[in-house]
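> Mind looking over this structure? Questions follow.
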Amino acid sequence: MMNYGWVCLMVAFWLSLVPSHGAAQADPATTVPLWPLYYSTVQPDGAYDREILFSAFTCRKSADGAVSGNLIPVFWGTNYFHVAPLYWHWNDNTILIPFGGKLDEGRAVGLVFWGKDYVYVPPLYWQWNSGWLVVPLAWNIDGNKGIGPVWWGRDYFHVFPLYWQWRDNRLLLPLAWDLNGDKGIGPVFWGRDYFYVVPLVWLEGGNNIAGPVFWGDHYFDLFPLYWHWNNNHLLVPLAWTINGNKGIGPVCWGTNYVNVVPFYWQYGTNWWLVPLGWKVNDNAAVGPVWWGPDYFHVFPVYWHWNANTILFPAAWSVHGHKGIGPVWWGRTYFDVFPLYWHWDNNHLLFPLAWDINANKGIGPVWWGRTYFDVFPLYWHWDDNHLLLPLAWNINDNKGVFPVWWGEDYFNVFPLYWHWNNNHLFLPLAWKVNDSKAVVPVFWGPDYVNVVPLYWQWDQNRMLLPLAWNVNGNKGVGPVWWGRDYLSVFPLYWNWNATNNLILPLAWNVNGNKGVGPVWWGRDYFHVFPLYWQWNDKKMLFPLLYNQSDDRGTDWRVLWRLLRYQHREDETAIEFQPLFMYSTAADTKHVSVVWRLFEYNRDSSGRYWRIFFSPKIPL
């Protein structure tokens, strides 16, 4: 059974909604004073005020028709709408606590506040007029910006080392690119006049490849079987027609020939039937018998041409040369192959003796007019003697092994060598020109060395590894110095009076200075690796993201935890995962707690829903 108090409350509620145009004629004001349960007053000018249950619900109308009211916690009026304490909207101002809002020309999303000349993200980012501060990791230098590995400017955008975009070029390593009109995705490359899919497809101008298929303006090939160009065809290995020549399998024919490979060949009046016979001009054959106008052969035994005859391998008579078996003779020679050879006045009894052009030999003894040899030990020619391997006298050079001597040298191989005024006693000592040595000491006119410790030449000295003086450069152990430098290896380095380097702590080199991670110079100041400033450029590495161009801007903090995007007529505000807001020309979308509550308005209408439930039209 319904409670009596609720009945009274419902009656009062419906009374508050009753149209007031009739009451507006009352004179004077009509009042129902049942507060705190119900209060109502109607003015003669049409204004009224109704309040229910301690004013938890009110409905008011002014004399000019402006309506306002509340149903706690909702308050509304002509130019405002509030849902206390989270949502406040009046005139053009909106505040959604704690997500953000718009106040006059200022806006906020979470901890992000911005206006015409400022953007704040306490405590990390502060930007006003032309100044900005990112604590601790971003930069904006002459229109060049960066957040961590992301770098961008007026005509470029990079995500190091994977994505590179400048002017009209794009490069996504190692997957895709668009460079000066040439594009690629993986193995696919293309441009204005070509298209490749490596390694299978190549399409370029009039020449194209797709796997085994090749084609162009005047040809089409299917490798390796089919080839077509101009009016020619080749189907490997079955058939072809090329410049009037045709073939099907082993049969080939043309204007004046027919062949059946490899057995039958015919062109003009000539023919071959392999291996049985042939007729070529006046030459003919049947099996091994070949004949013509001036020859007759029975291959390979009998050969007869002109006045010559060969009965192979027994006998022959060719151009006055005759032979029977191993005996060969002619006008000036007589040979018994392979032992005896006689021609002119020469004799050779192989391999025992010979007499050829006054050169004679019997076994290992060879002699002639100017020489006498006993192979391989003794050799004598002119005034020279060689007794291998013991002694020799050749052109006044003599030797009785291992001693060799001549007019200007005397050697005892391999230890002692003397020539001119030079002496070499291996491996202990030598005098060669003006250089002398008694190992390990080497000296000459301008040097003295004791290998490997001491080296002295000209005005230079080196005592390894302790000290040296070379061309004015001196060193004692780790201390090295010269005219314009002083070093204590490897910690301290000073050169040109103005440069200093203390490894790895500090340095001053050509006006560039550093102490630990702090580096500075004439036009730069760095705190490695967080802060970088050079010329008029600054970089604070790597928390904040911003993309700005002629179309608008996009700001992100900690990837997309906080985001503000405005591009032409589109705006997006995000505070992940609590709040998302986006608007375009005729579209508006709001979601809370990752679409737990969702509102959408577009050209097709409006709806809201809770956690992906069916859409509820409005």
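The values are calculated or read from the model by the stated rules, or taken from the named source; none is laboratory data. Everything numeric here is computed off the predicted structure, so don't read it as measured data. FYI the Cβ positions are ideal-geometry reconstructions off the backbone, even for glycines, and counts take in every protein chain you see. Heavy atoms of the whole protein, side chains included, go into the accessibility calculation; ligands, DNA and RNA do not. Shrake-Rupley method; radii C 1.70, N 1.55, O 1.52, S 1.80 Å.
> If W443 satisfies all but one of (1) touching a Ser or Thr at 6+ places or on another chain (Cβ under 8 Å); (2) loosely packed, with under 14 Cβ neighbours inside 10 Å; (3) at pLDDT 90 or above, what's the number of the condition it fails?
(2)
> Where in the stretch 171-214 are there strands (runs of 3 or more DSSP E), lying fully within it, with 1 or more residues that are more than 30 Å from L235 (Cβ to Cβ), open to solvent by 70 Å² or more (accessible area, probe 1.4 Å) and of a type in the set (A, V, I, L, M)?
Filter on the stretch 171-214 gives 182-185.
> Something else: Open to solvent by 40 Å² or more (accessible area, probe 1.4 Å), touching a strand residue (DSSP E or B) at 6+ places or on another chain (Cβ under 7 Å), at negative phi and not in a loop (DSSP other than H, G, I, E, B): does that describe H158?
Spelling it out, it is not the case that H158 is open to solvent by 40 Å² or more (accessible area, probe 1.4 Å), touching a strand residue (DSSP E or B) at 6+ places or on another chain (Cβ under 7 Å), at negative phi and not in a loop (DSSP other than H, G, I, E, B).
> Sticking with this one: Quick one: count up the residues across the stretch 565-607 that are farther than 22 Å from P98 by Cα and out of contact with any Gly (no Cβ under 8 Å at 6 or more places or on another chain).
12
> Kindly evaluate P136 against the criterion of being assigned to a loop (DSSP other than H, G, I, E, B) and either modelled with pLDDT under 80 or touching a strand residue (DSSP E or B) at 6+ places or on another chain (Cβ under 7 Å) (or both).
Criteria met by P136.
> Okay, next question. Which one of these is surrounded by fewer than 14 Cβ atoms within 10 Å (Cβ to Cβ), polar (S, T, N, Q) and touching a Pro at 6+ places or on another chain (Cβ under 9 Å): N283, N243, N256?
After applying the criteria, what remains is N283.
> Which residue out of V327, V336, V260, V236 is among the β-branched types (V, I, T) and in contact with an Asp or Glu (Cβ under 9 Å, 6 or more places away or on another chain)?
V327
> What pairs come up if the first residue lies in the stretch 391-410 and is within 21 Å of P376 (Cβ to Cβ), the second is among the aliphatic types (A, V, I, L, M) and part of a loop (DSSP other than H, G, I, E, B), and their beta carbons are under 9 Å apart, counting only those six or more places apart or on different chains?
Correct list of pairs: G399/L390; V400/L390; F401/L390; P402/L415.
> What are the pairs with Cβ atoms under 6 angstrom where one residue, in the stretch 198-216, is free of Cβ contacts under 8 Å to residues at least 12 places away in the same chain and the other, located anywhere, is open to solvent by 50 Å² or more (accessible area, probe 1.4 Å) and part of a loop (DSSP other than H, G, I, E, B)? Sequence gap at least six, or different chains.
V198/P187; G206/D217; G211/L200
> Would you check which residues across the stretch 347-366 are open to solvent by less than 80 Å² (accessible area, probe 1.4 Å) and closer than 21 Å to H380 by Cα and list them?
A353, W354, D355, I356, A358, N359, K360, G361, G363, P364, V365, W366, listed by residue number.
> What single numbered condition from (1) out of contact with any Asp or Glu (no Cβ under 8 Å at 6 or more places or on another chain); (2) open to solvent by 60 Å² or more (accessible area, probe 1.4 Å); (3) not basic (K, R) fails to hold for N420?
The failed condition is (1).
Residues are listed down the side, and each one gets a yes or a no for (1) surrounded by 13 or more Cβ atoms within 10 Å (Cβ to Cβ); (2) modelled with pLDDT of 85 or more; (3) aliphatic (A, V, I, L, M); (4) farther than 22 Å from V121 by Cβ:
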site	(1), (2), (3), (4)
A506	yes, yes, yes, yes
W519	yes, yes, no, yes
L530	yes, no, yes, no
W534	yes, no, no, yes
K537	yes, no, no, no
R601	yes, yes, no, yes
S604	no, yes, no, yes
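> While we're looking at this one, here's another question. Name, by its number, the condition in (1) over 30 Å from N411 (Cβ atoms); (2) modelled with pLDDT of 85 or more that does not hold for K279.
It is condition (2) that K279 fails.
Yes/no matrix, rows are residues, columns are (1) more than 30 Å from V438 (Cβ to Cβ); (2) acidic (D, E); (3) under 60 Å from the mean Cα position of the chain (by Cα):
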| position | (1), (2), (3) |
| --- | --- |
| I324 | yes, no, no |
| P351 | yes, no, no |
| D373 | yes, yes, no |
| Y409 | no, no, no |
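> Could you list, in sequence order, all residues of the stretch 552-577 that are among the aliphatic types (A, V, I, L, M), over 20 Å from P123 (Cα atoms) and exposed (fewer than 15 other Cβ atoms within 10 Å of the Cβ)? Working first, answer last.
Initially, the stretch 552-577 is screened for residues among the aliphatic types (A, V, I, L, M), giving 557-558, 561-562, 572-573.
When the remaining residues are screened for being over 20 Å from P123 (Cα atoms), the result is 572.
Of everything in the stretch 552-577, nothing turns out to be among the aliphatic types (A, V, I, L, M), over 20 Å from P123 (Cα atoms) and exposed (fewer than 15 other Cβ atoms within 10 Å of the Cβ).
> Follow-up question, since we're still on this one. Can you spot a residue in the stretch 74-97 that is assigned to a strand (DSSP E or B) and at positive phi?
Within the stretch 74-97, none of the residues are assigned to a strand (DSSP E or B) and at positive phi.
> Is the stretch 17-38 home to any residue that is β-branched (V, I, T), modelled with pLDDT under 85, within 24 Å of M580 (Cα to Cα) and open to solvent by 30 Å² or more (accessible area, probe 1.4 Å)?
Within the stretch 17-38 (the criterion being β-branched (V, I, T), modelled with pLDDT under 85, within 24 Å of M580 (Cα to Cα) and open to solvent by 30 Å² or more (accessible area, probe 1.4 Å)), the answer is no, since none of the residues qualifies.
> Could I ask something else about it? Please specify each residue of the stretch 66-98 satisfying the condition of being aliphatic (A, V, I, L, M) and touching a Pro at 6+ places or on another chain (Cβ under 9 Å). Walk me through it before giving the result.
Pass one, the stretch 66-98, residues aliphatic (A, V, I, L, M): 66-67, 71-72, 74, 83-84, 86, 95-97.
Answer for the stretch 66-98, where residues must be aliphatic (A, V, I, L, M) and touching a Pro at 6+ places or on another chain (Cβ under 9 Å): V83, A84, L86, I97.
> Tell me the strands (runs of 3 or more DSSP E) entirely within the stretch 247-353 that contain at least 1 residues that are touching a strand residue (DSSP E or B) at 6+ places or on another chain (Cβ under 8 Å) and among the β-branched types (V, I, T).
251-253, 257-260, 277-280, 283-286, 289-292, 295-298, 308-311, 315-318, 321-324, 327-329, 333-336
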